[in-house]
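The values are calculated or read from the model by the stated rules, or taken from the named source; none is laboratory data. Computed from a predicted model, the values in this text were never measured in an experiment. Positions of Cβ are backbone-derived with ideal geometry, glycine not excepted, and every protein chain shown enters the neighbour counts. Accessible surface is based on the protein model in full, side chains and every heavy atom, while ligands, DNA and RNA are left aside. Shrake-Rupley method; radii C 1.70, N 1.55, O 1.52, S 1.80 Å.
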Amino acid sequence: MPDAPIDLKWNIDLRLAPRAPHVPSDLHGRPVAGNALIWTGDPEKGRSYLQHAHSICRTDTVTSKILGFLELQTMADSAFPHGRRYYTKSGYFRALDDSTINRFIEALATIPSPDTQIELAYLGGAAARVGADETAFGDRSAPFITNLLANWTDPAGDALHVSWVRELFNQLRPAMKPGVYVNFMSGDEQDRVPEAYRERWERIVSVKTHYDPANLFRLNQNVPPRTLAKSLETLNNP
């Protein structure tokens with residue numbers, strides 16, 4: 001991927017193969033690596049890159065088609081419907097060494113839900129061409145990001161699924177670099193919000209304090225205004 005054209009995007013999902021019509025029956029429930037590739041340029045120019053990626057996959061599991069932007073943006077909606085239970089933890093890697101890859105693969109032996117996924121994506125490309133101080137977005141230097149995404153239905157299973165994500169994250173954490181993607185954070189990670197913005201944290205707190213001093217917009221991975229942050233600090237350190 002470091003040498004790939006900017007039009008190529010490649011994600012890998014580690015999970016248990018779903019019991020779905022498009023999945024060969026001999027794979028149902030087995031650990032698999034699902035590959036999702038997107039080519040955003042001229043289809044003919046991208047054909048050789050997609051064929052190269054498809055060559056490592058089982059031929060009876062490969063599908064491809066040309067689709068519009070709206071379909072691309074909504075094609076995963078049905079997999080994450082409102083009302084299900086979700087829990088995530090995420091982090092960046094400078095490299096994926098053998099030890100890290102082994103931890104990912106070993107985790108599939110205890111994955112508690114067929115809908116839970118370990119998402120891996122290569123970054124770089126256009127995002128890496130923007131300077132770190134040009135936007136509020138956090139880390140642009142890491143080439144790899146992972147999102148541990150638990151997905152289940154029964155509230156009675158909350159502790160099991162949440163603990164699986166937390167345990168795997170704690171195992172992977174030493175190999176991660178500082179930083180987190182704010183859209184891959186769960187509601188119990190308020191302490192990591194500054195980590196999402198890194199060196200831009202104080203500036204974004206200043207903007208928040210100026211435009212939203214009462215913290216009206218707070219149902220999120222919250223950036224508290226400076227006055228509220230001081231109050232919380234006082235409460236936590238009486």
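So how much accessible area does TYR86 have, in Å² to the nearest 10, using a 1.4 Å probe?
Its accessible surface works out to 80 Å², give or take rounding.
Classify region 141-233: rounded, prolate or oblate, from the alpha-carbon gyration tensor (a ≥ b ≥ c, eigenvalue square roots; a/c under 1.5 rounded; otherwise prolate if a/b is larger than b/c)?
oblate
Quick one: accessible surface of SER141, probe radius 1.4 Å, all protein chains present, in square angstrom to the nearest 10.
Approximately 80 Å² for this residue.
From the residues HIS52, TYR197, PRO2, which one has its Cα farthest along the dipole of the chain in the positive direction, the dipole being from +1 and -1 charges on Cβ of Lys/Arg and Asp/Glu about the Cα centre?
Of the listed residues, the answer is TYR197.
Pop the C-beta distance of MET1 and ARG218 into the FRET formula with R0 = 41 Å and round what comes out to the nearest 0.05. Could the numbers behind the result be given before it?
Details: r = 38 Å, r/R0 = 0.92.
Efficiency, from the Cβ-Cβ distance: 0.65.
For ASP13, project a label point 7 Å along Cα to C-beta. Then give me every residue of region 134-163 with its amide nitrogen under 16 Å of that point.
146-153
Please give the Cα centre distance for region 39-58 versus region 104-164, rounded to the nearest Å.
Computed from Cα coordinates, the inter-centre distance equals 24 Å.
Run down the lysines and flag those whose C-alpha is under 24 Å from the C-alpha of LYS45, throwing out any fewer than 8 positions away in its chain.
Leaving aside lysines fewer than 8 places away in the same chain, those within reach of LYS45 are LYS9, LYS65.
Kirkwood hydrodynamic radius for region 12-136: how many Å is it when counted over pairs of different Cα atoms?
Radius from the Kirkwood sum: 17.4 Å.
Taking N as the number of residues in the chain, what value does Rg over Cα atoms divided by 2.2 N^0.38 Å take?
Cα Rg divided by the expected 2.2 N^0.38 Å: 1.14.
With all protein chains present and a 1.4 Å probe, how do LYS89, LYS65 order by accessible area, largest first?
Solvent-accessible surface, decreasing: LYS65, LYS89.
Would you list, by chain and number, the aspartates and glutamates whose Cα falls below 12 Å from the Cα of LYS89, excluding same-chain residues fewer than 8 positions away?
GLU119, GLU167, ASP188, GLU189
Please report, in whole Å, how far the alpha carbons of region 78-186 spread along each principal axis, starting with the longest.
Principal extents (largest minus smallest coordinate, Cα): 45, 33, 20 Å.
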